[in-house]
1. Expressed in nm to one decimal, what extension gain is obtained for the pair Val83 and His96 from 0.36 nm per residue of sequence separation less their Cα-Cα distance?
2. Stick to the Cα atoms of the range 1-136, pair each with every other, and give me the Kirkwood hydrodynamic radius in Å at one decimal.
3. In vacuum, with every alpha carbon of the range 71-170 counted as one equal point scatterer, what does the Debye formula give for log10 I(q)/I(0) at q = 0.11, 0.13, 0.18 Å⁻¹? Two decimals, please.
4. Any chance you could run the full-extension gain for Arg146 through Ala52? It's 0.36 nm times the residue separation minus the Cα-Cα distance, nm to one decimal.
5. Could you please rank Leu101, Leu80, Leu24, placing first whichever residue has the fewest other Cβ atoms within 10 Å of its Cβ?
6. Over the alpha-carbon set of the range 28-92, work out the extent along each principal axis and list the three values in angstrom, largest first.
7. Using only DSSP helix segments of four residues or longer, with each worth -39500 (n - 2.57), what per-residue ellipticity at 222 nm results for the chain after dividing by its residue count and rounding to 500?
8. Quick check on the exposure proxy: order Met168, Met109 from fewest to most C-beta atoms within 10 angstrom.
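No lab work stands behind these numbers, since they all come straight from the coordinates. What you see is a predicted model; the values in this text were computed from it and never measured. We place every Cβ from the backbone using ideal geometry, glycine too, and count neighbours over all the protein chains shown.
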Amino acid sequence: MNSSLIVADAGPLIALARIEHLELLRQRYGEILIPPAVLTELALESQKPGTALLKQAVLSGWLQVVEVSHSNDYSRLTLLLDVGEAEAILLAEQRHCHLLLIDERKGRMVAKQRGLAVIGICGLLLLAKEQGLISLVVPCLNQLSRIGYRISPQLRLEVASRAGEQLMSE
């Protein structure tokens, strides 16, 4: 397993870019690999919030688009998951990546069943605080809520507790 490589799905990338914390990925991991379907989902030419940061990450090379081999497995995966998640899982397997950044529940479940280590945006924020890259997690959770990123109330509470912080009502 390559301990330095991670693959990312589109959801966490878009959310981190929208709350202006995409840089945490580069600071924490260096290079992030994404398959072509994830690049398409990022909609870099759309002028949506966060796309400028995502485009800059791709152009500067730390967010790298890597081709993925489609096998019969791909067809089976796309029956369960969207194409970005399916390609991200296959890319992580093909490149023997250390970690898959994915938040969608079904995608996480499939990735774990296939032996991949997964992390979500909440886990990433906790690691970033541990490493001193951010000082507080709860404000990031609040920003994610404001942009409509779904994190269950139970998970918010658990993450705040693990971060040693209190959830505040906004």
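1. Numbers: separation 13, 0.36 × 13 = 4.68 nm, distance 1.96 nm.
Extending this stretch completely gives an extra 2.7 nm.
2. Numbers: mean 1/r = 0.0675 Å⁻¹.
In the range 1-136 this quantity evaluates to 14.8 Å.
3. These q points yield log10 I(q)/I(0) values of -0.40, -0.54, -0.88.
4. Numbers: separation 94, 0.36 × 94 = 33.84 nm, distance 1.94 nm.
Full extension of this stretch gives 31.9 nm more.
5. Details: Leu101 25, Leu80 12, Leu24 20.
By the 10 Å Cβ count, ascending: Leu80, Leu24, Leu101.
6. 35, 25, 18
7. On the way: 10 runs with 92 residues, N = 170.
Here the helix-only value at 222 nm equals -15500 deg cm²/dmol.
8. Numbers: Met168 9, Met109 13.
Ordered by Cβ neighbours within 10 Å, fewest first: Met168, Met109.
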